[in-house]
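These notes are about the structure you will find just below.
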Amino acid sequence: MTFLIPMSQKELNRYDIIKRLIRKEINGSEAANLLTLSTRQIRRLKSKVKEKGAFGLIHGNRGKPSNHQLPKREKERITFLLHRHYYDFGPTLAKEKLTEIHHIVHDPKTIRQIMIDEKLWQPKTKRQKSEYRSWRQRKSNFGEMVQFDGSYEHWFEDRADKCCLLAAIDDATGRIIKAKFAQDEGVFPVFNFWLEYLEKQGKPHSIYLDKFSTYKMTRQVALENHDLKTQFQRALEDLRIEPIFANSPQAKGRVERLFGTLQDRLIKELRLNNISNINEANAFLEKTFTPAFNAKFSVEPKAKANLHTPLSLGERKQLANIFSRQKPRIVQNDFTISFQNQWYQLTKEQPVTVRKKDRVVIEEHLDNSIQIRLRGKYLNYQVIPVRPKKQIQPWILAATFKTPALAENTKVNNQVGHF
């Protein structure tokens, strides 16, 4: 009976050299050099070939189940859990959840292979070479530069509407300093984010921002994003924080990669914890997800200094004014001011002299209150439903008549009105 022995090219080469050694065409030292083995290994291989022929070069475990393979029941349990709960997870995250929730501890490569076999995961194709970009070293100190951006996504999948996640990540450590869900990336959500950030952390040395994205959003609620950029720049200037604008998304890769990771991990965590609204999600971010994320992914900075600057007492008092939407307006002749289809009447008593045509600043605060500022002072005003009608001066009215008779009648009427 003839047996077919499957052999690799490496084994075929070994078999040919050992046969030559047996036929004494070469000696042991030459065989060792040709196969890059020791003379002791060559003697062992020679003995095996003499005893078993080509079988002597084939590993004894070939065709047998691996001693390290998963028991059948264990593999079936993992497969069931993957299909039931983690069908759209990546192998690494699936492995973490199997360990954390189900106490199943295995190497990510093992879980990856099961997911590939079950067609739950498709290995990524090798990336083509892209445009060359030089790598920028991390900053040395915590708070030296913070990267900030917003990401619109279906964070709650089909359980709620699309919303925006605002996030600030430290460049030196890769640590999420603050993350918060909002309806949009408009002026007030961004101001609220940074108001809370500064009250807790202090002022970072600089903030790295996307130069163009805020101008390109198409959501109706964020059409004023050029306003966001200019208002935010003005607020940073008031606080003496340096803004740095990236010329491309790749330039602020730290926060871009963060959102890529969060769009994979955070969405699934929100699903597993049955969270479907912004308030619950923000509480989960602050208390659970962000601390765990930072413990897993953040790194130690090169230097130990914290370059956040505490807010001064004056800055704390001015935060509400700094983080307000500010628009210039002109005082009308009757000392009224118009803002967003609403009229405001300046009262007689003021902390500073007000003249007609003065240029004032309207501050729209986060609590929706309105303040009117002139030369650093806040003016007193009353809200009026409609602007008062202009009083027509008699001399103007008289000047419109062309004939002496009509002018005389006007003079009589004016005198009556005077009494």
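Brief remarks on what is shown
- Selection from the range 162-206 of residues that are of a type in the set (Ser, Thr, Tyr) and free of Cβ contacts under 8 Å to residues at least 40 places away in the same chain: Tyr197
- All positions within the range 179-188 that are surrounded by fewer than 21 Cβ atoms within 10 Å (Cβ to Cβ) and part of a helix (DSSP H, G or I): Phe188
- Test result for Glu256, touching a Pro at 6+ places or on another chain (Cβ under 9 Å) and within 20 Å of Ala179 (Cβ to Cβ): yes
- Wholly enclosed strands (runs of 3 or more DSSP E) of the range 236-342 bearing at least 1 residues modelled with pLDDT of 90 or more, buried (at least 17 other Cβ atoms within 10 Å of the Cβ) and among the hydrophobic types (A, V, I, L, M, F, W, C): 336-339
- Condition met for Lys109 (within 30 Å of the chain's Cα centre (by Cα), outside the structural domain of Arg265 (by TED's automatic domain parsing) and surrounded by fewer than 14 Cβ atoms within 10 Å (Cβ to Cβ)): yes
- Residues that are at pLDDT below 95 and assigned to a helix (DSSP H, G or I) do not occur anywhere in the range 356-373.
- Scope the range 130-189; condition at pLDDT 90 or above, over 12 Å from the mean Cα position of the chain (by Cα) and among the hydroxyl-bearing types (Ser, Thr, Tyr); matching residues: Ser140, Thr173
The values are calculated or read from the model by the stated rules, or taken from the named source; none is laboratory data. This one's a predicted model, so the numbers in the text were calculated from it and none came from an experiment. Cβ sites come from the backbone with ideal geometry, for glycine too, and all protein chains shown count toward neighbours.
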